[in-house]
Structures are given as structure tokens and as C-alpha cells.
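Working notes, structure below.
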Amino acid sequence: MSKVRLDTLYDASEIRDIWENNQTVPCIKDPKEGLITPNMYRANKGSKPCPYCGQKMVHGRQYYTKSKTEAISRGYQYKTVDGKPYINQAGSLYFHQHYVTIDHKLNKARFPEKMFDYDNLEAICWRCNNQKSDNLMFELEHKLEHLRSLKESVFRRYPNPH
Ligand SMILES: [Zn+2]
């Protein structure tokens, strides 16, 4: 796969296919581990906290099932932002709410050349990933929250003399 080819592709479904067909191909340059596959990237981030909701992310066979009933009894079901019950699903498998996913900071359809760039990737939980794509304001809201807490900590450190 050459960079030139990626640069000329802007069709969202083609981009998705390339992403999906490369899940087991070592194409992400991890600064510590060298070339790793997207699957390895996810596995490495399993059990780390999700940067958005703070919940521990999970990865591996024990966190998905073929049975919807089993998924519900394991507590995989949650409510979407509009209050609908939802279970993360890929093909015939049902996944844990906080199963690790890879999010592209710069959208892969708009910046295909950055699709496998380590610096453009972030591990976030599946539930937050869904919420993020549902809600364009998601990122902004989180940035605002971050700025607020930053402001508070700065004020604590440098109290207003007046
Ligand atoms: Zn999350």
C-alpha cells in the first residue's frame, strides 16, 4: 500500500475497507515497540483507563460473546445519549461497553494519509467512541471541561492577590 494511493482515496467506504483489511498488518509505528498491528495497538491499551469516561478499558475474548442474552446478563447493554438501550456489536458478536477501540483524532476519511499514524491514534472505549460519532460537540465539551479544570488548578496555584 503506497502513500500516493492513500492520498488519492477519499471515498469513505474504501477508507473503511482499507482500515478493516489492515487490522492484522503491522502498519503502526509505535515509538517503543516498532511496527505493530491495529489489533496489537488495542491489546496494548486494554486495561488502561478511557481518556473520556475514565473507566477501565477491556480487551480479549472474555469481553465479547455471540449470545445477546449472555451480553445482557453480563451488563454489556447501556443507554445511548438519546436513552435507547444499546449493545456494541460487530458482525455476530456483542462487546463489553468499555471494549477498547481506536479513534482517529483526524478523521480517516478526510485524512487517509494519517490513518496509521501513531500520533493520530487514540485508544478510547467503544461506548465513548459511539457517543463521539453521535455528537459533534463531544470533543469540544471535553476540551471545555479540561480547560475549566486547568483554569481552576492555575487559580489554586496562583491565587488572585486582590
Ligand atoms: Zn469511555
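Here are some notes:
- Candidate lysines - alpha carbon under 27 Å from LYS66, same-chain residues fewer than 8 apart omitted: LYS45, LYS48, LYS56, LYS79, LYS84, LYS132
- Cut-off 16 Å, label 7 Å out along Cα→Cβ of ASP11, residues of segment 95-132 by amide N: 109-110, 112
- Extension gain (nm, one decimal) between THR80 and ARG110, 0.36 nm per residue minus Cα-Cα: 8.2 nm
Taken together, the values in this text are just the output of simple stated rules run on the coordinates, not laboratory data. The structure presented is a predicted model; accordingly, all values stated were derived computationally and were not measured. In this analysis, Cβ positions are derived from the backbone assuming ideal geometry, glycine residues included, and neighbour counts consider all displayed protein chains.
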